[in-house]
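Asks: Sharing a structure here in structure tokens format.
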Amino acid sequence: MTEPSRTQSNASRYLFVLIAGLLVGIVATVMAMRAIQARQDPFPNSLMNVMARQSQLLGDSRKQNRCSINDSTPRLQTLRLLSNDMDLAFPGLRDDTRFQQHASRFRATLNDALASPPADCTALAAVTEQLGNDCKVCHQDFR
């Protein structure tokens with residue numbers, strides 16, 4: 001007596017093709033995203049991130065009641081040095097008068113703060129508030 005022939009289900013084949021298709025799709029998506037990312041200039045975002053971090057550290061110093069000149073001056077100097085690169089980071093805005101006004105105002109605030117460094121938390125709070133306002137106004141116009 002012969003055994004009845006079993007019909008093999010195609011479900012396992014379909015599952016294999018589905019999984020292979022998903023893997024190929026994921027790899028292609030990652031490759032496309034990397035290609036797009038490679039064409040973007042990381043400098044503008046990096047500059048803004050470092051400046052934001054320095055500003056945050058100034059605020060943290062104030063919250064921790066570490067408001068001496070020795071605590072705040074290095075952060076202010078770093079911000080001032082980084083502010084020199086804003087034109088390089090945003091070459092498309094180099095000729096925009098509003099951008100130049102915002103950048104000049106930000107640098108002037110830092111110059112004033114470095115000319116007479118904040119010696120207490122009240123003065124540091126005023127400086128950080130002014131810097132925050134300068135950033136906020138520029139970001140409202142150009143973000």
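Asks: So which cysteines of the chain have no other cysteine's Cβ under 4.7 Å from theirs?
Replies: Cys135, Cys138
Asks: Please provide three numbers in whole Å: the alpha-carbon extents of the chain along the principal axes, with the largest listed first.
Replies: Result for the chain: principal-axis Cα extents of 104, 40, 22 Å.
Asks: Quick one: net charge of Phe43's neighbours, Cβ under 15 Å, K/R +1, D/E -1? Before the final figure, lay out the partial values.
Replies: Values: positive: Arg39, Arg94; negative: Asp41, Asp85, Asp87.
Here the count lands on -1.
Asks: Of the residues Arg34, Arg94, Arg75, which exhibits the maximal mean-square fluctuation in a Gaussian network model of the chain defined by a 10 Å Cα contact cut-off?
Replies: Most flexible of the set in this elastic network: Arg34.
Asks: While we're looking at this one, here's another question. Quick one: pull the percent of accessible area on segment 42-142 belonging to carbon and sulfur, 1.4 Å probe, ligands and nucleic acids left out.
Replies: 50
Asks: Then there's this: Give me the distance in nm between label points sitting 7 Å out from Cα along the Cα-to-Cβ direction at Asp96 and Ala32, one decimal.
Replies: The answer from the label model is 3.0 nm.
Asks: May I ask for the distance between the Cα centers of segment 59-88 and segment 96-143, given as a whole number of Å?
Replies: 11
Asks: Also: Once you've got the GNM for the chain with C-alpha springs shorter than 10 Å, pick whichever of Val127, Val27, Val17 has the biggest mean-square fluctuation.
Replies: Its mean-square fluctuation being the largest, the pick is Val17.
Asks: Springs between alpha-carbon atoms under 10 Å, Gaussian network over the chain: tell me which of Ala119, Ala103, Ala11 tops the mean-square fluctuations.
Replies: Comparing Ala119, Ala103, Ala11 in the GNM, the peak value goes to Ala11.
Asks: May I pose another question? For the chain, with every protein chain kept in place, what is the accessible area per residue (1.4 Å probe, Å²)?
Replies: Per-residue accessible area for the chain comes out at 73 Å².
Asks: Taking a ≥ b ≥ c as the square roots of the Cα gyration tensor eigenvalues, with a/c under 1.5 meaning rounded and otherwise prolate when a/b beats b/c, else oblate, which class fits segment 9-91?
Replies: It comes out oblate by the Cα gyration axes.
The values are calculated or read from the model by the stated rules, or taken from the named source; none is laboratory data. The structure presented is a predicted model; accordingly, all values stated were derived computationally and were not measured. Cβ: placed from backbone, ideal geometry, glycine included. Neighbour counts: every protein chain shown. These area figures cover heavy atoms from the full protein model, side chains too; ligands, DNA and RNA do not enter into them. Shrake-Rupley method; radii C 1.70, N 1.55, O 1.52, S 1.80 Å.
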